[in-house]
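Student: Sharing a structure with you now.
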Amino acid sequence: MTSSSPRGRPRHTTSHISVRVAHALLGGTTGVVWLLLPGMTTAGEPPVAITRPAPAARTAAAQPREDETSPTDLVLPVAAVAAAGLLAGYGYVRIVRRSRTRTTPATAAPPPAASSGVLPSHPYTPSPGELDRQAQAALVEADECVRASREELDFARELYDEPRLEPFRRALREAEGELAAAFALRQRDDEGLPRQDEPARRHTLAGIVGRCAEAGRVLDATAAAFGELRAVDTAGADALAVAEARFRALAGRTGQAQDTLADLHGAFAAGALDPVTGYVELAKDRLVTATTRLNEARQAADRGERDRAAARLRSGEGAVAQAEVFVTAVDRLARELTAARQMLPAALTGAEAELTAARRTAPADVPPGDLHSRIAHADAVLASVRMELTGGRAYDPLAELRRIVRALAPVSTGRAGVLTAAARLTAHSAVAAADGFVATHRSVVGAQARTRLAAAERALTSDTLPGLVGADTLAAAARDHAEQDVRVHGPPQEPEPAAYGGPATRRRLDRP
């Protein structure tokens, strides 16, 4: 039942104010009556006219009589009136002050049912939109912490043996698990958790924030010990040597990647190289940044400036790590294009076998009309792929392989293992490309791209053709969202530093 009480102010507040006003009026009335009572005559005596007393009578009148009012009798009534006025004024001032300093909206929600017996400790409840923004920010922050910690541990493995690093690797795995669970909750929400079910969505968003907070807490709990392990005064020189050695190796690999791209341009269509367009130039840019930061770190260490040396070292390591991502992406794409070109003939043969089996044994959940349309579409795709392969022009073997597995996924019976292998190759390629783009632009990439990427990584564990095609689709969506974020916010101005720890540690390390 809907309450009929006014919604502008809670009922208990209105009754409280009414009691104060009544007390004030009662006190004022009592004081006035007390003042007027002595000037009134009793009912048994006739009224007596007041005349100007004679001089002789003034002396007699100066003597107080028992039935007349003396000045001292007025003290208590005046005090009562003054007290009542003060109480009324004090109540009014408190009401005004409370209304001016109110932090909740005037149209507050009705109080909880009397059966609960518990009043809310915090009357303000964030809107679903505010909770959604909090969840997105928490996902981005937690993902940043996990990625930076992973990079830092990658550098540390060249300095310390595995037993010394195992506590930190264990903490990182735990944080990765919490973050993966948070991304899974976010993907469920994006895929259509009923938006009209507000309590369920609030629970989901709160779960995302809680999981992200736990991931950060786990990393922060071990960050101090990791900092002691990599203290500048004990491991700074060795850490600088490791970063500089990786820098020199990457400088050589960058030149080789440039030659690899030139060879790929002659062997494949230009579109086949889109995932790594500009990566060699970006790698060179990161190496320039790494040179500057590592030199600054060495100079600061020589001057005994530990904090500055550590900050510049982290920044230099981050630049080296991103340059390695760019160079590795070029090498990986060259291997994937070669493998896809070799797999295409077998994939075409396997696709023909799948279509033959599908014509004989229709899936139970596919209506005959839909099955006929899907088979016709797959036939057309296979014919188009054959024309590309025999046309004498350069083509994109990964794209052609992707066309085959996407066309066969709706009618696949799961008998041709080569199609599953082809789908795994294309899905791995798409996920790796999206992950590399997010890793090298992550300071401007939002939660949506990261969520799709996490969903794609989960789908890679599938053994079915539709599941692997789904992973490929999610990875492409992640790359699209990440590229859109870069177009909106611009490319990052400085590579993200490699630093182990959660949000609290990162805030401390980022202080100038």
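Student: Let's test the formula: R0 of 30 Å, r as the Cβ-Cβ distance of Ala241 and Arg508. What FRET efficiency results, to the nearest 0.05? The partial results should precede the final answer.
Tutor: Values: r = 26 Å, r/R0 = 0.87.
About 0.70, to the nearest 0.05.
Student: Also, quick follow-up: Tell me the accessible surface of His428 in square angstrom (1.4 angstrom probe, heavy atoms of protein chains only), to the nearest ten.
Tutor: 90
Student: Name the shape class, rounded, prolate or oblate, that the alpha-carbon gyration tensor gives for the range 244-294, where a ≥ b ≥ c are the square roots of its eigenvalues, rounded holds for a/c under 1.5, and otherwise prolate holds if a/b is larger than b/c and oblate otherwise. Mind showing how you got there, number by number?
Tutor: Values: a/c = 4.34, a/b = 2.23, b/c = 1.95.
It comes out prolate by the Cα gyration axes.
Student: With a Förster radius of 25 Å, plug the Cβ-Cβ distance of Thr277 and Glu352 into 1/(1 + (r/R0)^6) and report the FRET value to the nearest 0.05.
Tutor: Numbers: r = 35 Å, r/R0 = 1.38.
Computed FRET efficiency for Thr277 and Glu352: 0.15.
Student: Starting from the 7 Å offset along Cα-to-Cβ, what nm value, one decimal, do you get for the label separation of Arg487 and Gln256?
Tutor: Rounded to a tenth, the inter-label distance reads 3.6 nm.
Student: Taking the range 195-278, which trypsin sites (Lys or Arg not before Pro) meet the DSSP loop condition and have no more than 11 other C-beta atoms within 10 Å? Kindly include the intermediate steps, with their values, before the conclusion.
Tutor: On the way: sites: Arg195, Arg201, Arg202, Arg211, Arg217, Arg230, Arg246, Arg248, Arg253; in loops: Arg195, Arg230.
For trypsin sites (Lys or Arg not before Pro) across the range 195-278 that sit outside H, G, I, E and B with at most 11 neighbouring Cβ atoms in 10 Å, the list reads Arg195.
Student: So which trypsin sites (Lys or Arg not before Pro) in the range 415-475 are both in a DSSP loop and have at most 15 other Cβ atoms within 10 Å of their Cβ? Walk me through the intermediate numbers first.
Tutor: Numbers: sites: Arg415, Arg424, Arg442, Arg450, Arg452, Arg458; in loops: Arg415, Arg442.
Those satisfying the criteria are Arg415.
Student: Relative to the present Cα-Cα distance, how much length would full extension add between Ala383 and Thr461 at 0.36 nm per residue of separation? Display every interim value, and only then the final one.
Tutor: On the way: separation 78, 0.36 × 78 = 28.08 nm, distance 3.06 nm.
Roughly 25.0 nm would be gained on extension.
The values are calculated or read from the model by the stated rules, or taken from the named source; none is laboratory data. Keep in mind that what you see is a predicted model, and the values were worked out from it rather than measured. Glycine gets a Cβ as well: all are built from the backbone with ideal geometry, and neighbour counts include every protein chain shown. Protein only, heavy atoms only, side chains kept; ligands, DNA and RNA dropped before computing areas. Shrake-Rupley method; radii C 1.70, N 1.55, O 1.52, S 1.80 Å.
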